[in-house]
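Here is the structure we will look at, set down as structure tokens.
Here, each number is a calculation from the coordinates, and none is a lab measurement. Bear in mind that the values here come from a model prediction, so they are computed numbers and not experimental data. FYI the Cβ positions are ideal-geometry reconstructions off the backbone, even for glycines, and counts take in every protein chain you see.
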Amino acid sequence: MNLDAIRNKIYCLLLIILVTQASPVVILGTVINKESRTTLSNASVTFRIGRVTSQYPVIYTDTNGGFRTVLSLEQNYPLAYYVSMDNYVTKLSSVKIVGDSINLGIIELDSLIETEIFFCGKIIDSVTGLPISNVRIQLHKNPGSSNPFLELYTDSTGYYG
């Protein structure tokens, strides 16, 4: 390989490194109750890029429903964010990272409607058609929650409910 080819490869490698460097980006917004239009304090806001969820710390809204954080991010990538709070439906959205500041504006959360539900069914083996006992079924109010609000097990007939 000649010297010019080596220099060209080094130049390209340096260019890739410079283009993909992360830089500080200010992210801010306000969380409100969609129905009453009142601000929501202590709502959690979680950011992620790709499938990584623990990369950035969870932040919480202040007494005026506002949040502001600075994250080290690469430009032109989508940044997903989740906004959640007890008794509200979790909001999931994303924004493309462009510039050194992103204002997510007003984020509206819908209240969960507390209602009585009847949840039942039967679990069977798809090959044999026989019931499967001791299967755990969990219901969660929010996606990704580790605490189910309802947990059931199938009986010897495969029934739950």
Which of the chymotrypsin sites (Phe, Trp or Tyr not before Pro) found in region 82-133 are in a DSSP loop and have at most 14 neighbouring Cβ atoms, other than their own, within 10 Å? 118, 119
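If you stretched the chain out fully between residue 21 and residue 41, how much longer would it get, using 0.36 nm times the residue separation minus the C-alpha to C-alpha distance?
Working: separation 20, 0.36 × 20 = 7.20 nm, distance 3.39 nm.
Full extension from residue 21 to residue 41 adds 3.8 nm.
Near residue 33, within a Cβ-to-Cβ distance under 10 Å, what is the net charge of the other residues, with Lys and Arg +1 and Asp and Glu -1? Spell out each step's value before the answer.
Working: positive: 34, 37; negative: 35, 108, 110.
Net charge in that neighbourhood comes out at -1.
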Residues in region 65-85 that a label on residue 103 would reach, taking backbone N under 15 Å of a point 7 Å out along Cα→Cβ: 66-69
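Would you please name the GluC sites (Glu not before Pro) within region 60-161 that are DSSP coil residues with at most 14 other C-beta atoms within 10 Å of their C-beta? Can you show the working numbers first?
Details: sites: 74, 108, 114, 116, 151; in loops: 74, 114, 116.
When the GluC sites (Glu not before Pro) of region 60-161 are filtered for loop state and at most 14 Cβ neighbours within 10 Å, 74, 114, 116 remain.
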